[in-house]
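Since the structure comes first, as structure tokens, the remarks are kept for the end.
Read the figures in this text as sums done on the coordinates, not as results from a lab. Model, not experiment: these values are computed from the prediction. Positions of Cβ are generated from backbone atoms using ideal geometry, with glycine treated the same way; all protein chains shown enter the neighbour counts.
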């Protein structure tokens with residue numbers, strides 16, 4: 001820029017130079033404010049992004065734990081349901097061992113039971129041997145007492161066969177339980 005030293009021109013040029021300095025200063029201030037605003041916005045964006053990523057990581061971890069717990073809850077519910085079913089079945093089941101013991105307790109001393117089995121439903125087949133005729137009388141009396149409903153566990157009894165071989169009786173019978 002050329003400097004004219006005429007008083008009128010010098011005054012005008014001095015004002016122009018001052019105005020340019022002021023406009024440059026205002027431009028620098030505005031540019032600085034814009035740069036600071038951009039830096040603040042970028043910093044805020046990075047901070048928010050970091051917080052969101054951390055939250056998503058925590059959410060994913062919580063979901064994995066929840067899904068693991070959900071699987072365990074389903075397994076536990078299935079086990080409880082199955083245990084309940086087994087409990088109901090066990091409560092309603094027929095106790096064979098107790099019945100076999102009750103049947104064996106019917107026979108007097110001297111009777112050897114060789115075979116006993118569940119024939120159908122609640123009918124048991126029993127085969128055995130006896131050493132003397134007095135015991136055979138006791139077995140016949142036991143059959144009568146069962147058929148007369150003297151024993152509350154049994155419904156009826158029936159001798160299906162008797163055989164005498166060399167002073168040893170062998171018999172076969174059926175006993176029905178209630």
>> Over the chain, with a Gaussian network built from C-alpha contacts below 10 Å, which listed residue (36, 118, 106) shows the highest mean-square fluctuation?
In response: 36
> So how far, in whole Å, is the C-alpha centre of the stretch 64-87 from the one of the stretch 12-46?
Replying inline: 68
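Efficiency by 1/(1 + (r/R0)^6): what FRET value for residue 14 and residue 47, r their Cβ-Cβ distance, R0 = 41 Å, to the nearest 0.05? Before the final figure, lay out the partial values.
Values: r = 49 Å, r/R0 = 1.19.
About 0.25, to the nearest 0.05.
For residue 25 and residue 95 in one chain, what is 0.36 nm times their gap in residues minus the Cα-Cα distance, to one decimal in nm?
That works out to 14.8 nm of additional length.
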> Given the convex hull of the Cα atoms of the stretch 66-170, what is a quarter of its surface area in nm²?
Replying inline: 9.3
> Going by alpha carbons, how many degrees (0 to 90, nearest 10) lie between the helix axis of 133-147 and the longest principal axis of the chain?
Replying inline: 50
> To the nearest 0.05, how large is the calculated FRET efficiency for residue 76 and residue 153 if R₀ is 41 Å and r is the Cβ-Cβ distance?
Replying inline: 0.50
> What Kirkwood hydrodynamic radius do you get for the chain when you take the inverse of the mean 1/r over all pairs of distinct Cα atoms, in Å?
Replying inline: 26.5
> Pick from 80, 20, 64: which is most flexible by mean-square fluctuation in a GNM of the chain where alpha carbon atoms under 10 Å apart are linked?
Replying inline: 20
>> Of the candidates 21, 119, 163, which one comes out as most mobile in a Gaussian network treatment of the chain with C-alpha springs shorter than 10 Å?
In response: 21
>> Using only the alpha-carbon atoms, how far is helix 7-92 inclined from the longest principal axis of the chain? Give it as 0 to 90 degrees, nearest 10.
In response: 0
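For the chain, what does the helix formula give at 222 nm: sum of -39500 (n - 2.57) over DSSP H segments with n ≥ 4, over the residue count, nearest 500 deg cm²/dmol?
-23000 deg cm²/dmol
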>> To test your reading of the geometry: what angle, between 0 and 90 degrees and rounded to tens, separates the Cα axis of helix 96-106 from the longest principal axis of the chain?
In response: 20
